[in-house]
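This report concerns only the one structure given below.
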Amino acid sequence: MAHRKPHLPTKTCPVCQRPFTWRRKWARDWDNVVYCSERCRRAGRRALEI
């Protein structure tokens, strides 16, 4: 069985360097999404503070 959504946009997380794909909950502000998860978002902010 083939993947049902093969053409979703992707980005690379600046903290973990892993690619992540578009999610429905990010539909309104996909342009503003930077991190793949809450954990990476927190880690990215900590790195900026130091």
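The values are calculated or read from the model by the stated rules, or taken from the named source; none is laboratory data. This one's a predicted model, so the numbers in the text were calculated from it and none came from an experiment. Don't worry about glycine lacking a Cβ; one is built from the backbone with ideal geometry, like all the others, and counts go over all protein chains shown. To get the accessible areas, we keep the full protein, side chains included, count just its heavy atoms, and leave off ligands, DNA and RNA. Shrake-Rupley method; radii C 1.70, N 1.55, O 1.52, S 1.80 Å.
Structure notes:
- When the solvent-accessible area of the chain is split by element, carbon and sulfur atoms take up 49 percent of it, the probe being 1.4 Å.
- Within the chain, longest stretch clear of exposed trypsin sites (Lys or Arg not before Pro) (DSSP loop, no more than 13 other Cβ within 10 Å): 29-50
- Degrees separating the helix 38-49 axis from the principal Cα axis of the chain, which is the longest one: 30
- Stretch gain in nm, segment F20-A47, where the contour uses 0.36 nm per residue and the Cα spacing is subtracted: 7.7 nm
- Per residue, in Å², the accessible surface of the range 6-50 once ligands and nucleic acids are set aside, probe 1.4 Å: 90
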